[in-house]
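Report on one structure; see the data block that follows.
The values are calculated or read from the model by the stated rules, or taken from the named source; none is laboratory data. A quick note: this is a predicted structure, and the numbers were derived from the prediction, not measured. Heads up, the Cβs are rebuilt from the backbone with ideal geometry, glycines too, and the neighbour counts pull from every protein chain shown. The protein model used for the area step is the full one, side chains on, heavy atoms only, and it has no ligands, DNA or RNA in it. Shrake-Rupley method; radii C 1.70, N 1.55, O 1.52, S 1.80 Å.
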Amino acid sequence: MSTPLGPAFWRLYAASAVSNLADGVIRVALPLLAATLTRDPVQVAALSSLAFLPWLLFALPAGAVVDRVDRKRAMAAANVVRALALGALAVTALTGTTSLPALYAVAFAIGVAETFYDSAARAMLPQVVTREQLDRGNGLLTTAEEASQGFLGAPLGSVLFALAVAAPLLGTAGGFLLAAVLVLGIAGRHRPARADGPPTTIRRDVAEGVGWLWRHRFLRGLTLVSAATALVQSMTTGVLVLYALDDLGVEEAGYGLLLTTAGVGSVLGGLTAAPLAGRIGRTATLVAGSVIAALATLGMAATGNAVVAGLLFGAGAAGVMFWNVLTMSLRQALIPEVLFGRVQGGYRTLVWGGIPLGALAGGLLADATSVPTVFAVSGAGLLVLSLVLWWLLAVHRDLVDTAFAAGPQPATA
């Protein structure tokens, strides 16, 4: 019988669920708001680029900061910043002064806050659960994340947007404030214990984390494969709203329903990732998820039927969730707790930093060709990267299989 996860985990779970619900609403509302201002695919895709650009610029310093401070306070502060930014955008919506520059600025500010929130949240999980509970804890957290963002947040965001442009902005601002209050309710201090010695600088801390990641052969390879996958996959992100509205012919509410199918797939993938890995192994589960995501993206390029596209989108999301749950647990098992924020910052700099580049590339490709072409190119690239992932996991099979049986691996593992 599995050990109960404990009250600290469930408080973290509640705070994350509320925060991700707000995040899901805004991820629908902002692209819809952009589409009311322009139908230029490059300008619409630029919104996704600016939302993820902070990961390229701030993931490393954010990781160093969360290795120095109480992580629950970092999460609360980040959510307060997001609430203030969305409140300011809501004012422009109410006064009829919304513009693309204002929308871009808010998307960028939210992204900066997210680098601190997500770095702290991921680093905090190993502090509230045991090592053998990591897969289960990550599965529940990522399932709640995807259910809140896609299954609940996506349709709620589209409905609120249809009622009034300012409604989803004000609602999410309130949601982020509530999440900040919830996370502060977690008992205890969650500041990592650092070794005694002279004070260090942020720059030195960042260098230590990046150096550790670079010397770890498996995690270095996983980071590079993950970064390439994120870049190729995000080519479709910036033009997804145009794919739904123009190629599938759905309305704004239909766009929310399309994202809901991804939420359903993500929930199913999050709930089944850990049990499936226990049955067929981590390598097989990770590669299967990668292949499913690739084939689903290729299928979306070939159909103009909204129902078929929704089913494919959901299947692809389930495959992505296999990756998200299992690779996160691997990193948490292999990286020393005191270094986690910094090493994770290096990982996220490359992985999430590739997302704005991919989104912009997708917008440029769509402008030069068509939106379905973007999905075809992305799917083909993901299929190639699935083979690279299989090779990497096969080479390091012993390390992957034993990651949860012992302490963190040495830097050169």
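Quick notes on this structure:
- Contact map, the range 274-290: first residue free of Cβ contacts under 8 Å to residues at least 40 places away in the same chain, second residue open to solvent by 10 Å² or more (accessible area, probe 1.4 Å) and part of a helix (DSSP H, G or I), Cβ cut-off under 6 Å, separation 6 or more or different chains; pairs are G289/F322; G289/W323.
- Pairs meeting the criteria (first residue in the range 389-402 and over 24 Å from E132 (Cα atoms) and at pLDDT 90 or above, second residue of a type in the set (S, T, N, Q) and surrounded by 12 or more Cβ atoms within 10 Å (Cβ to Cβ), beta carbons under 7 Å, at least 6 apart or on different chains) are L389/S290.
- Residue among V225, V250 that is part of a loop (DSSP other than H, G, I, E, B), open to solvent by 10 Å² or more (accessible area, probe 1.4 Å) and either closer than 27 Å to A366 by Cα or basic (K, R) (or both): V250
- Qualifying positions in the range 75-90 - in contact (Cβ under 8 Å) with a residue 24 or more places away in the chain and either aromatic (F, W, Y) or open to solvent by 20 Å² or more (accessible area, probe 1.4 Å) (or both): A77, V80, V81, L84, G87
- When P275 is tested against (1) farther than 23 Å from V325 by Cα; (2) open to solvent by 30 Å² or more (accessible area, probe 1.4 Å), only condition (1) is not met.
- One residue from G270, G346 being buried (at least 21 other Cβ atoms within 10 Å of the Cβ) and within 15 Å of T143 (Cα to Cα): G270
- Some residue of the range 152-167 being open to solvent by 40 Å² or more (accessible area, probe 1.4 Å), within 21 Å of the chain's Cα centre (by Cα) and within 30 Å of G209 (Cβ to Cβ): no
- When the residues of the range 174-197 are filtered to those that are open to solvent by 10 Å² or more (accessible area, probe 1.4 Å) and farther than 18 Å from D67 by Cα, the one that is modelled with the lowest pLDDT is A187.
- Test result for A277, assigned to a helix (DSSP H, G or I), closer than 27 Å to G137 by Cβ and over 19 Å from the mean Cα position of the chain (by Cα): yes
- Selection status of Q133, within 27 Å of G319 (Cβ to Cβ) and out of contact with any helix residue (DSSP H, G or I) (no Cβ under 7 Å at 6 or more places or on another chain): yes
- Selection from the range 127-151 of residues that are among the acidic types (D, E) and either crowded, with 20+ Cβ neighbours inside 10 Å or under 11 Å from V28 (Cα atoms) (or both): D135, E145, E146
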